[in-house]
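Written below as structure tokens is the structure these notes are about.
The values are calculated or read from the model by the stated rules, or taken from the named source; none is laboratory data. Note that this is a predicted model, so its numbers are computed, not measured. As a convention, Cβ positions derive from the backbone with ideal geometry for all residues, glycine included, and neighbour counts pool all protein chains shown. SASA here: full protein model, heavy atoms, side chains in, ligands and nucleic acids out. Shrake-Rupley method; radii C 1.70, N 1.55, O 1.52, S 1.80 Å.
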Amino acid sequence: MAPDPTVPPRVPASKLVVPELPVEFTPRPRLRQLLEEASAAQVIVVSAPAGFGKTQLLADWVRGARGETAWISLDADDNDPRRLWSAVVASLLAVPSVSRNGGLQRLARAAALPGSADVVEELAAALDAVDPPVRIVLDDVHELTGQQVVRDLARLIRRRPAGVRLVLASRSDPPVSVPRLRLEGRLHEVRADVLRFTLDDTARLLTASSLELTSAQVAVLHARTEGWAAGLRLAVLALRRSDDPEAFLAAFSGDERSVADYLTGEILDGLSPATRDFLRMVSVCSPLPAPLAIELSARADAEWMLDELRQETALVERTFPGTYRIHALLRSYLIADLARSRPQTFRELQAAATRWWSAREEPVHALRHAERSGDGELIVTLVHGWGAALLLGGDLGPLQGALAAVGPRARASDPWLALTAAITHLEARALPEAAAELHNARRAWPEEPSAGLEALRASAELLATAQGLDGGPFLHPATDSTPSPADAEGAPPEMAAMLHASRGAAEFGNPEGADVALASAELQQALELARGHDLGYLEVQILWMLATLAAIRGDLRGMATAAEQGVAAADRRGRHPSVWSAGPMGLLAYADLLGGDPAAAAARSAQALGNGDPLPPEAEYTLHAVHGAALADQGQRSAGLAEMRAARVQFADQPLPPPILAGLAVLEHRVALLAGNLAAAAQVARWLGTRIGRTGETLLLHAWTEAAAGRHDAARHDAARLVAAPVHEPDLPILLAHTVVEAHLLEVEGALQAGDQTSGRAALDAALATAETLGVVRPLALAGPRTQELLSSRAEATARGHFAVRVAAARAVVVPDPAVLLTERELAVLALLPSLLTAGEIAAEFTVSVNTVKSHLRSIYTKLGVSSRREAVARARDSGLLP
């Protein structure tokens, strides 16, 4: 039976109630403030696809906002004008300050009777009299499609009743003249880009849901969902059911059951079959240029369809003109669905995308699609054509995936694949795997290799040798000489660049000592080729090596200049901070440290370490060593020493140039002495001595230990001066240019402790002159107490110079006072304090009197600045004196 038009339609109470918020709802003050910024004359439009949190945002806002709200949740039945306006009037009458409005009470019945009145005009007139204004929220406006209700809503907006603020929430732009409202300044918009959850929003949502995830796991979840509220909430539900959050996040995608149900029910079911099929076909690519969408879908109108989808749903975006992307969760669902239901089509589309990207010289995209296509021959062709460029461009991930996809049998029979795989393993410092691939290349070596293959072989062998891997057994039997410049003749430019860089890198690991001139010349040639052919990753790595060479030569300014160029080159390509720039950042932080700016050194090294990517071992070691030293220079000696020791233990076996080993060991030894930890200082001294033999640096460590053992003992300082004296002799190898400065400063302190002011002043002049030439300030800030007094007395006379200003600034921020050292017997007694032994039992252990042990205890407490056994143990553990 048809409804009686004379009977007012029933308006369910649920339509007029502000929705309840879920328990785990996350307030978003930033968005509430954005809504509050709308002026009284503006229509607020909250427009975003399903699942972006429009309703919850508005419900939260109206509960906390000033003023009263009439809420109407729309549905398809509201395309009947009687039902729509009856619901609007009923909602208004439920507002206490409006319920007494006689015009609205009369309108309640008129709205239900067709043709009885101009409902829109009478509603506007009644609302003109409402004061203060009331807020009307129409939720799900996209449900309004009937011509009459659309016209009526547009009329109400044009009428601008004074007593109402209209809020429209919709999955697409509401059916009113949005452009006109925008032009008139009457539109306040909140769209999907603003509604996306930020990383902080995501963390708060998880906390409200009683889920404890690490910051890294929160970041993964945020990236997978791209801040889509529905995706996050569905993930929360699934995480509650999961016993292994890490595994869930690794597998989380649009194909997860709850996400898939939402996507199909709320989004895909609203599209035509042809549109759904189109989305499946083009979903294999991201980014998605319009010409590629045409190729994949065989539809000339593909760009038009993508634009339509973009306007209907923010799950399809236009990243820039002519290029689109599908939301990650939706795309992963579509891909999984296509691969399950039409596997052959899935593979064919991936192969088509491979060819399209390859033709446009985009090897990264091409390789990824080739790998997914499962076409081994296609992958091999791409690796042969693009492998070197990917290596030198730093795109190892796609290359490694492709090499894994072709399988070990293909690599064993193809020397080009094997050598490319070997170099990727060498980049990752995976030496056994690199050795196996070099062996494969040797067994499959052709009788007449191409120039490119020869250059690739030579590069792989040189890099292997530089990392301490014996390349000899892997050389081709006919090749009994070291790779030479002739290997690059006839090779493509990128192969020649790789070979020059490899020869330069090989000099770093030369057991006979690096030929700095040869290494520099090779690296300069490689740098020219890298810059000329846009080989960004190679350019950055070469600049890192050139900076290292400058450090080896003692050219600290040249080191900083080359490192700065390396960071700038990475930054131009959007790869800073990252694995690209970690090496040069370590050297810049080292320059900051030696320049007397520990705060800058700590900040720079922390930035490089904090990007989350695995870093080259030598870069990571440098960054941790410098960061630890910078902390120590600012007074955090225990934390700094712990970081430095841990880094050395972790990276102790990495092949590093002796000057780099010496530089990092010198930093750690100095911090150990400043922390009062003689055992740690002795350990690092032994470690360095076994690796570099007798050099000025090993003598320096010995001399420092002597001086530290008697801070105000003239005899000890004189002994230290004598130990360091050979540093000035021409026959002793010196690896660090500023070692000479340190030796001069030991001489200064020794002379001053002995009362020889003349010799002390002369040695200080020599130290200052050399330090200024090198641009090194830190040694002066950490000099002995008498040297500091002399520097202070000279400060007024020398403060006018730029270098003097730098020295004064460094002395103001670097903490030079070392901890008081414990004697060997005091350290032995300290080692027993964590036990339950009494003073008498400790005395028995050492066969001394109880009074002697008590005397040691008093001395230990005084030196550590504590007053009890428990405090002494805690302070010693903090200082690294106890495990």
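Excluding residues fewer than 8 places away in the same chain, name every one of the lysines whose C-alpha is closer than 24 Å to that of residue 54.
The qualifying lysines are 15.
Only loop residues by DSSP count here, and only those with at most 14 other Cβ atoms within 10 Å; note down the GluC sites (Glu not before Pro) in the stretch 233-315 that meet that. Before the final figure, lay out each step's value.
Values: sites: 246, 256, 266, 295, 303, 308, 312; in loops: 256.
Here no loop site has a sparse enough neighbourhood.
Sequence-distant or interchain residues sharing an amide H contact under 5 Å with residue 734, placed H: which?
When sequence neighbours closer than 5 places are left aside, the close amide H contacts are 696.
DSSP loop (so not H, G, I, E, B), at most 14 other Cβ within 10 Å: list which trypsin sites (Lys or Arg not before Pro) in the stretch 669-739 pass both filters.
Working: sites: 670, 686, 691, 694, 711, 716, 721; in loops: 694, 711.
For trypsin sites (Lys or Arg not before Pro) across the stretch 669-739 that sit outside H, G, I, E and B with at most 14 neighbouring Cβ atoms in 10 Å, the list reads 694.
For a quick check: with amide H placed at 1.01 Å from N, whose amide H comes under 5 Å from residue 324's, ignoring anything fewer than 5 positions away on the same chain?
Here the answer is 288, 290, 319, since their amide H atoms fall under 5 Å of that of residue 324.
For residue 147, what charge total do you get from the other residues with a beta carbon under 14 Å from its beta carbon, if Lys and Arg give +1 and Asp and Glu give -1?
That works out to -1.
At each listed q (0.14, 0.16 Å⁻¹), what is the log10 of I(q)/I(0) that the Debye formula gives for the stretch 239-348 modelled as equal alpha-carbon point scatterers?
-0.57, -0.73
Can you check what the net charge comes to around residue 43, using other residues whose Cβ is under 9 Å from the Cβ of residue 43 (Lys, Arg +1; Asp, Glu -1)?
+2
Can you grab the distance from the C-alpha centre of the stretch 3-73 to the C-alpha centre of the stretch 644-661, Å, no decimals?
Each part's Cα centre sits 61 Å from the other's.
Rounded to the nearest 500 deg cm²/dmol, what is the calculated helix-only ellipticity per residue at 222 nm for the chain, with -39500 (n - 2.57) per DSSP H run of length n ≥ 4?
-19500 deg cm²/dmol
Non-local amide H neighbours of residue 187 (under 5 Å, H modeled in plane, Pro and chain starts lacking H): which ones?
Those qualifying (amide H under 5 Å, at least 5 residues apart or on another chain) are 43.
Angle between the Cα long axis of helix 869-879 and the longest principal axis of the chain, 0 to 90 degrees, nearest 10?
Here the helix axis deviates by roughly 80 degrees.
What angle do you read, to the nearest 10 degrees and between 0 and 90, between the alpha-carbon axis of helix 199-208 and the longest principal axis of the chain?
In the chain, helix 199-208 runs at an angle near 80 degrees to the longest axis.
If you count the DSSP beta bridges with both ends in the chain, what percent of them are antiparallel, to the nearest 5? If you can, show how the numbers build up before the last one.
Details: 6 of 26 bridges.
Antiparallel bridges make up about 25 percent of those DSSP assigns within the chain.
Heavy atoms only, 1.4 Å probe, whole protein assembly: order 15, 863 by accessible area, highest first. Display every interim value, and only then the final one.
Working: 15 10, 863 60 Å².
Highest to lowest solvent-accessible surface, that is 863, 15.
Which whole-angstrom value gives the distance between the alpha carbon centres of the stretch 757-780 and the stretch 349-427?
When both Cα centres are located, 56 Å separates them.
So what is the relative contact order of the stretch 569-635, in percent, for Cα pairs below 8 Å that sit 6 or more residues apart?
Values: 84 pairs, mean separation 25.0, N = 67.
It rounds to 37 percent for the stretch 569-635.
Using alpha carbon coordinates only, what is the Rg to Rh ratio of the stretch 270-317, with Rh defined as the Kirkwood radius?
Here Rg/Rh amounts to 0.91.
Taking 1 over the mean of 1/r across every pair of different Cα atoms in the stretch 598-652, what Kirkwood radius in Å do you get?
For the stretch 598-652, inverting the mean 1/r across all distinct Cα pairs yields 10.9 Å.
Before I look further, what does the chain give for accessible area per residue, probe 1.4 Å, in whole square angstrom?
Roughly 43 Å² per residue, with all protein chains present.
Under 24 Å between alpha carbons, and skipping anything fewer than 8 positions from residue 854 in its own chain: which lysines qualify?
863
In square nanometres, what is the average projected area of the Cα convex hull of the stretch 555-660? The partial results should precede the final answer.
Details: hull surface 25.7 nm².
Dividing the Cα hull surface by four gives the mean projection, 6.4 nm².
Mind listing the Cα extents of the chain along all three principal axes, in Å, largest one first?
114, 79, 60
Which net charge results when you count Lys and Arg as +1 and Asp and Glu as -1 among the other residues whose beta-carbon is under 12 Å from that of residue 616?
Overall, the nearby charge balance is -3.
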